[in-house]
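Enquirer: This is the structure, below, for whatever I ask next.
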Amino acid sequence: MFNTFSFSLYLLLSLLLTTTATSLPTIGVTYSTTTTQSPTPPPQPPQERITTAMQNLKLTSLRLEEPNPTIIRSLLYTNISLFLTIPNYMVTPIANNRSIARAWIYTHVLPFYPRAKITTISVGNAFHDVYPESINNLLPAITNVHVSLRDLGIRKISVSTSFSFVTTVSSPFPPSSATFQEPPGVNLIGPLLQFLSDTNSSFLINLYPYNLYRLQPAIPLGVALFEEHPFNFRDDFTTGVRYRNLFDIMVDSVVSAMAFAGYETIPVIVTETGWPSAGNELDANPGYAEVYLRGLVKHLKSGAGTPLLKEGVKAVYLYELFDKDGSGRNWGILYPNGSTKYRIDFSEASRSYLMNWINVALILALIVVEVCCMVIVH
């Protein structure tokens, strides 16, 4: 009897641990085309630089802001998953002509998939901020890409579009009062959320606590930087939730806005986040950047999720892989030459380290229980 009980308990605990471990958010990084003003070009071609950097950082998910077939080809048969972005200037042509969507897929997806682990395609990135007059073309473009993939028999690549938090979410605090904001006469968010729900796709959001902190001086710097001090918090009196970091506040604002629109189960992917290590502002410095990134990674690896999204976001993509020479602000987690910038462990292995020790502790506890039961029986 005790053997059966112990074995069943162990199976249950193992299942719970496995579920917890596998639900941790994916931590990825964005690569965007390097526009350098330095007289010395990077020492390696882009595809070699990316492969080397991803291996050194032990990251396994890459977001390509401007997909290059050469880079995609270099990642065939690797464990690196790919998130592709269709440039904003192509959104309107794709909306007007499905054959353009098919041509893009023939160039960037079909020659490589599934040997390249392409998981997601974003049709545009913060498209409304760049082409506000063409916003009504966005959903038709997304639909044309989705249908073109299905026509080619590709059903495991999700299609969505990325939004900027500061221009999409109104009243980010308290999170419970957040809603989506759209220009007059525009009806995009509701139909898009229905599409995402129907196709099991994710809501994509560019989420920068740095930008919101700069826009709202009342936000304490420590809350933006994940600093764990007794007075670093903001309370949402409607829900009774105490927030200790701005990242969770912003994520829960998105969750609340989706719930207000009638969609509570759509996964969230943070397509861009980071903190500049250089720029014209005092707060753009390497010290704050490292504190933010370390706090973010620690938070994601903890599996704590957010107060309104217990399972957490599905994935987070750091912006960006390399600094750009002469770009003003530097967002990279590596210098332009690929050398290390921060002492942060991004690896998947460290994310499961704590879970492994918990598992060991539970096994030892079960052994103790088993021994005690045997003593009692005898």
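Enquirer: Quick query: amide H of residue 124 versus all other amide H atoms, modeled in the peptide plane; which residues come in under 5 Å with a sequence gap of 5 or more or a different chain?
Expert: 86
Enquirer: Quick one: what are the phi-derived ³J(HN,Hα) couplings along region 278-294, Karplus 6.51/-1.76/1.60 with θ = phi - 60°, whole Hz, x for glycine and proline?
Expert: 7, x, 7, 8, 4, 7, 8, 8, x, x, 5, 4, 5, 4, 5, 5, 5
Enquirer: Which of the residue pairs 156/301; 58/298; 117/298; 156/298; 58/341; 117/156 have a Cα-Cα distance greater than 22 Å in the structure shown? If you can, show how the numbers build up before the last one.
Expert: Working: 156/301 26 Å; 58/298 15 Å; 117/298 26 Å; 156/298 30 Å; 58/341 15 Å; 117/156 10 Å.
Table pairs above 22 Å Cα-Cα are 156/301; 117/298; 156/298.
Enquirer: Which order do 146, 128 take by accessible area at a 1.4 Å probe, largest first? Walk me through the intermediate numbers first.
Expert: Numbers: 146 30, 128 55 Å².
These residues rank, largest area first, as 128, 146.
Enquirer: Between residue 61 and residues 5 or more places away or on another chain, which pairs have amide H atoms under 5 Å apart, with H built 1.01 Å from N, and which residues are they?
Expert: Long-range HN contacts for residue 61: 29, 81.
Enquirer: I need to check one value: relative contact order of region 60-113, counting alpha carbon pairs closer than 8 Å and at least 6 residues apart, in percent. Intermediate values should be presented prior to the final figure.
Expert: Values: 41 pairs, mean separation 22.5, N = 54.
RCO, region 60-113: 42 percent.
Enquirer: Taking θ as phi - 60°, what are the ³J(HN,Hα) couplings along region 207-213 by the Karplus curve (6.51, -1.76, 1.60), each to the nearest whole Hz, with x for Gly and Pro?
Expert: Going residue by residue, I get 10, 10, x, 4, 5, 5, 4 Hz, with x marking Gly and Pro.
Enquirer: Sort 100, 118 by accessible area with a 1.4 Å probe, largest first.
Expert: Order by accessible area, largest first: 100, 118.
Enquirer: Moving to a separate point now. Leaving out ligands and nucleic acids, note down the accessible area per residue over region 266-324 with a 1.4 angstrom probe, in whole Å². Intermediate values should be presented prior to the final figure.
Expert: On the way: 2010 Å² over 59 residues.
Using a 1.4 Å probe on heavy atoms only, each residue of region 266-324 averages 34 Å².
Enquirer: List the residues, sorted by chain then number, that are 5 or more residues from residue 113 or on another chain and whose placed amide H is less than 5 Å from its amide H.
Expert: Distant-sequence amide H within range of residue 113: zero hits.
Enquirer: Over region 76-221, what is the percentage of antiparallel beta bridges among all DSSP beta bridges, to the nearest 5?
Expert: Values: 2 of 15 bridges.
Of the beta bridges lying entirely in region 76-221, close to 15 percent run antiparallel.
Enquirer: Something else now. Please label the shape of region 133-201 as rounded, prolate or oblate, based on the square roots a ≥ b ≥ c of the eigenvalues of the alpha-carbon gyration tensor (a/c under 1.5 means rounded; beyond that, a/b larger than b/c means prolate, else oblate). Show your work: numbers first, answer last.
Expert: Numbers: a/c = 2.93, a/b = 1.83, b/c = 1.60.
Here region 133-201 falls in the prolate category.
Enquirer: While we're here: With 10 Å bins from zero, work out the P(r) of region 66-173 over every alpha carbon pair and list the percent per bin.
Expert: Result, from short to long distances: 15, 45, 29, 10, 1 percent.
Enquirer: What is region 197-285 by shape, rounded, prolate or oblate, if you read a ≥ b ≥ c off the alpha carbon gyration tensor as root eigenvalues and call it rounded for a/c under 1.5, prolate for a/b larger than b/c, and oblate otherwise?
Expert: Numbers: a/c = 2.71, a/b = 1.43, b/c = 1.90.
Judged from the Cα gyration tensor, region 197-285 comes out oblate (a/c at least 1.5, b/c at or above a/b).
Enquirer: Related question: May I ask you to list the residues of region 241-263 whose amide nitrogen lies under 13 Å from a point 7 Å from Cα along the Cα→beta-carbon direction of residue 177?
Expert: none
Enquirer: Applying the Karplus parametrisation 6.51 cos²θ - 1.76 cosθ + 1.60 with θ = phi - 60° to the phi angles of region 68-75, what ³J(HN,Hα) value in whole Hz is obtained for each residue in order, glycine and proline being reported as x?
Expert: 10, x, 5, 5, 4, 4, 5, 9
Enquirer: So, one more: So, taking all protein chains as they sit and a 1.4 Å probe, how much accessible area belongs to residue 85, in Å² rounded to tens?
Expert: Residue 85 exposes around 0 Å² with every protein chain in place.
Enquirer: Same structure, new question: Put a dot 7 Å past each Cα toward the Cβ at residue 96 and residue 154; how far apart are the dots in nm?
Expert: 2.4
Enquirer: While we're on this one: In square angstrom, rounded to the nearest 10, how much accessible surface does residue 104 have for a 1.4 Å probe?
Expert: Solvent-accessible area, nearest 10 Å²: 10 Å².
The values are calculated or read from the model by the stated rules, or taken from the named source; none is laboratory data. Note that the structure is a prediction, hence the values are computed from the model and not measured. Neighbour counts are summed over all protein chains in view; Cβ atoms, including those assigned to glycine, are modelled from backbone coordinates with ideal geometry. The protein model used for the area step is the full one, side chains on, heavy atoms only, and it has no ligands, DNA or RNA in it. Shrake-Rupley method; radii C 1.70, N 1.55, O 1.52, S 1.80 Å.
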